[in-house]
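First comes the structure, then the notes that go with it.
The values are calculated or read from the model by the stated rules, or taken from the named source; none is laboratory data. Every value quoted in this text rests on a predicted model; they were computed, and no experiment measured them. With ideal geometry, Cβ positions are generated from the backbone for all residues, glycine too; neighbour counts draw on all protein chains shown.
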Amino acid sequence: MAPTLGPGDFAAELERLRALASDLAADLGAVAAASRTLGRERAALRLIGVAGIDREGRPLAGEVVDRYVGGHPERLATGVALPFAMALLEYDVAPQQLALDVAGGTVDLAMEAELLGEPARRDAATDLFGQLVSAALARIDANRTARGELLGVLGDRRPPWVGTTLLEPSAHGATGEATELVRAGADLVRVEVPVGRELALRLGELGRDVTAWRPGRDDEPDPAPTGSQRGLGRLRDALDRAAAERGAYVRLATVPAALAGPEGAIVAAFERADITELDPMAEIVGSGVDPERALADFAFATRMARRAGTVIQLGAGPLVVAPDLDAGVNSDAATRAGRALALQLLAVSLAARYGLTGSSVIVGALPAWLTDEPNAAARAAAEVAVRRALLPDHPLAFVEPAGHDGRDLWPAIVGAVLPGVGAALVVRRGADGPSFGPIASATRAAADVAGELEAALGRRTLNGLARDHAAEAIGSAERTLAHLARDGWTGLTGAVSERGGWGRLGGDAVTPDADLTDPLERALG
């Protein structure tokens, strides 16, 4: 029933938290926005029309970037786009065909890069790339307009929107699954994008296997992963048809894998995804990605999301245990909750620096591990109350964690702490259409009850253990941000043995941007 802090509770502490996060975001964000990564370069090619796979079945944009940059890290600083545009002028072919030629070894972009030393040719390549970027952004702008028009025609259900994650790995089966879920009451379907080639290779070097995608059936026509650009295009069409059938808009949410946020943002923009989960803190702490790389990818992806009108969703903050491992003592729940809150607030502050504020950023309400703690309901009330006070302009997302909960504790807790106003999403664990119907109905009933009780009883302030949890978590968050500002990331991620190992994935693929005239950067601002 809308748990909240009491009047004036922790006001000074929350203001210090905001100031610490804002200062950190200013320092980290400026560096991140002025950096290039392999993910950003792949995204630039995806933006201007390079899609799909090459003749050997490798992701085409990635193969082009790897052939040009691989073994020559200095080339990353100026990027692949201008050499690629130079080759387009030289060979007079479409971007897709040129990419296939580069991937096949018949065109060497290094030779085209040498031509950029001639001012007239460089100007011509820059102009062509600018034209391609403008055409792509016009398509993205049209998608943004189409979303608004479709919402106007179909109407929208009142939030929170109830959704779930698709289980079908192949687009052919996922379109049918999504249609059934919408008929069963889903307002949103969530798609996890398969692990990209870069992450798979880097994890393979560390001895961690990544399962390759395979079609669900041998006879599947034109197979494609559900989370691929082709798969999302088919899914978007199926969702629009199902939405027209039921008479209310249906949202599509995408979840890019680590090291693939920039490409994920481009695909989300092209295929009119409504929400994309971009969480640099989860990448840094949970996936072992180099902080500079994760933040640079986030800077690009967030600015693209702003242009496309795509809402970004941030988690409730990662589970940070490195300080406990260093100390040899397990921290309590409130301390871990505070670390998560601190990193979530930093991500929100970074997004604001890149122009995404308010309802354009949905924030997780409850850490995934919270229901495993003693007195989980009281702690959940504190988590919701603190976020409502600290981030009042941002809608909340309640995302059911993976794993078995034999007590059905998570839905019971969410039903008790769900605000009547201010919750955007309730995402339940994956289920097929028929079994999702009762889940969606029960979740929506809980939201209706929460709204009715809030109107009847007003907000309920924290007391006892819940208030203690809030106080300790806020203190922990302040210490976490102060430590990060003073000592950097090592204290939160743990020490790493060498650059490129766990905790530094992708660290060799981020560098300061040496081309300040890039048309894409000017367009994104």
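For region 436-448, the count of residues that are acidic (Asp, Glu), in contact (Cβ under 8 Å) with a residue 60 or more places away in the chain and assigned to a helix (DSSP H, G or I) is zero.
Residues of region 63-76 that are at pLDDT 95 or above and out of contact with any helix residue (DSSP H, G or I) (no Cβ under 7 Å at 6 or more places or on another chain): 66 alone. Within region 263-295, no residue satisfies the criterion of being among the aromatic types (Phe, Trp, Tyr) and either in contact with a His (Cβ under 7 Å, 6 or more places away or on another chain) or buried (at least 24 other Cβ atoms within 10 Å of the Cβ) (or both).
Might you let me know whether region 509-525 holds any residue that is farther than 30 Å from residue 188 by Cβ, of a type in the set (Lys, Arg) and either outside any helix (DSSP H, G or I) or modelled with pLDDT of 95 or more (or both)? No, region 509-525 contains no residue that is farther than 30 Å from residue 188 by Cβ, of a type in the set (Lys, Arg) and either outside any helix (DSSP H, G or I) or modelled with pLDDT of 95 or more (or both). Restricting attention to region 154-180 and to residues that are closer than 20 Å to residue 446 by Cα and over 23 Å from the mean Cα position of the chain (by Cα), the residue that is surrounded by the fewest Cβ atoms within 10 Å (Cβ to Cβ) turns out to be 158. The lone criterion from (1) within 22 Å of residue 342 (Cβ to Cβ); (2) loosely packed, with under 15 Cβ neighbours inside 10 Å; (3) at pLDDT below 95 left unmet by residue 7 is number (1).
Just to be sure, is residue 430 in contact (Cβ under 8 Å) with a residue 60 or more places away in the chain, within 24 Å of the chain's Cα centre (by Cα) and part of a loop (DSSP other than H, G, I, E, B)? Considered against the rule, which asks whether it is in contact (Cβ under 8 Å) with a residue 60 or more places away in the chain, within 24 Å of the chain's Cα centre (by Cα) and part of a loop (DSSP other than H, G, I, E, B), residue 430 comes out as yes. When you go through 379, 336, 407 one by one, which is the residue that is surrounded by fewer than 23 Cβ atoms within 10 Å (Cβ to Cβ) and either of a type in the set (D, E, K, R) or under 24 Å from residue 284 (Cβ atoms) (or both)? None of the others qualify; the one that does is 407. Which ones in region 98-133 are surrounded by 12 or more Cβ atoms within 10 Å (Cβ to Cβ) and of a type in the set (S, T, N, Q)? Listed by number, the residues that qualify are 126, 131. In this structure, residue 466 does not satisfy being within 20 Å of residue 318 (Cα to Cα) and either part of a helix (DSSP H, G or I) or free of Cβ contacts under 8 Å to residues at least 24 places away in the same chain (or both). Residues that are under 30 Å from residue 176 (Cβ atoms) and of a type in the set (S, T, N, Q) are absent from region 466-477.
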